[in-house]
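This report concerns only the one structure given below.
The values are calculated or read from the model by the stated rules, or taken from the named source; none is laboratory data. Since we're looking at a predicted model, the values are computed, not measured. As a convention, Cβ positions derive from the backbone with ideal geometry for all residues, glycine included, and neighbour counts pool all protein chains shown.
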């Protein structure tokens, strides 16, 4: 019998009976007196279980005297060593999900409790931090109090007054918004909200919010189906109602990676007879899609639509000109004839 199962059975026996004799415990659990002693000490010292020896009953029982902070377990929840390690690892991932560790202080008591359950001399949480490296690429700093105000407004269903800096235009504007949901995407947080200034749904980068004020006015509710239809169908964080389908062909070499990648929930992909990978992706705004395509250089060919092909050709030409001016050669390093064929088949 594993230790976790024994601890559970001890708890159940002590709960069901007023008291239980030592010999009866040994017989029920089929363990040695030394093992029982260690299990009882573990329950008392690690889990704060109020187990006492009753002289009158000549057995063990739970102390029913009310005590401050007397909770000694998560009701009905018991963990094995492997499960505790998994929980610690997930907490570490959660704490690193945002740049400021917003949730870390709130789950720190759980971390301490899980460490105690394992009962090791060295903190498992410290070991996990050494062995699990989380690297954020493109993560932008944001103010934690802004994030907390947004979270409060979301849960309380209140409006926000924000000063928002639009990086694309280099302009700041003030507006009231009704927050609908928070989105964590590519290491950064975004707010989907109804903009009362524009009279439409908008997506705001939380790190671009320079000032936020919680208003005591009820937020306008937007059905989830509407949110998904306006903000969800396109590729990436850029939105739009007019959705087109990009068709991309990746070389046989690069296909081994791309075929396993998730670009969009509605993507369609297949291998052709030459081992290349054909990927169809819906998009409403080409900007983010183009950036991801260019990462693959000469290994990706844009088959359509024509507008996307033209944008891709322009971007490749500009990059090639810039690199040639720097004397570093072509960005994708394909033969000139191959490049012409890909852009103008």
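Tabulated values for the structure
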| quantity | calculated |
| --- | --- |
| Single match in 247, 256, 298 (criterion: over 24 Å from the mean Cα position of the chain (by Cα) and assigned to a strand (DSSP E or B)) | 247 |
| Among residues of region 30-58, those that are under 39 Å from the mean Cα position of the chain (by Cα) and farther than 23 Å from residue 83 by Cα, counted | 1 |
| Residue satisfying condition, being in contact with a helix residue (DSSP H, G or I) (Cβ under 7 Å, 6 or more places away or on another chain) and at pLDDT 80 or above, within set 20, 84 | 20 |
| Complete set of residues in region 268-284 that are crowded, with 16+ Cβ neighbours inside 10 Å and under 31 Å from the mean Cα position of the chain (by Cα) | 269, 277, 278, 279, 280, 281, 282, 283, 284 |
| Residue among 197, 191, 214 that is outside any strand (DSSP E or B) and modelled with pLDDT of 90 or more | 197 |
| Odd one out for residue 231, checked against (1) under 27 Å from residue 176 (Cβ atoms); (2) loosely packed, with under 13 Cβ neighbours inside 10 Å | (2) |
| Matching residues, region 10-24, being under 15 Å from residue 39 (Cβ atoms) and surrounded by 14 or more Cβ atoms within 10 Å (Cβ to Cβ) | 10, 11, 13, 14, 20, 22, 24 |
| Residue in region 45-66 that is in a helix (DSSP H, G or I) and either surrounded by 14 or more Cβ atoms within 10 Å (Cβ to Cβ) or at pLDDT below 90 (or both) present | yes |
| Answer from 198, 181 - the residue that is closer than 26 Å to residue 147 by Cα, surrounded by 12 or more Cβ atoms within 10 Å (Cβ to Cβ) and outside the structural domain of residue 308 (by TED's automatic domain parsing) | 181 |
| Among (1) farther than 24 Å from residue 82 by Cβ; (2) touching a strand residue (DSSP E or B) at 6+ places or on another chain (Cβ under 8 Å); (3) assigned to a helix (DSSP H, G or I), the one test that residue 27 misses | (2) |
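Here's the yes/no breakdown for (1) closer than 29 Å to residue 264 by Cα; (2) more than 21 Å from the chain's Cα centre (by Cα):
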{"position": "151", "(1), (2)": "yes, no"}
{"position": "164", "(1), (2)": "yes, yes"}
{"position": "172", "(1), (2)": "no, yes"}
{"position": "177", "(1), (2)": "yes, yes"}
{"position": "196", "(1), (2)": "no, yes"}
{"position": "202", "(1), (2)": "yes, yes"}
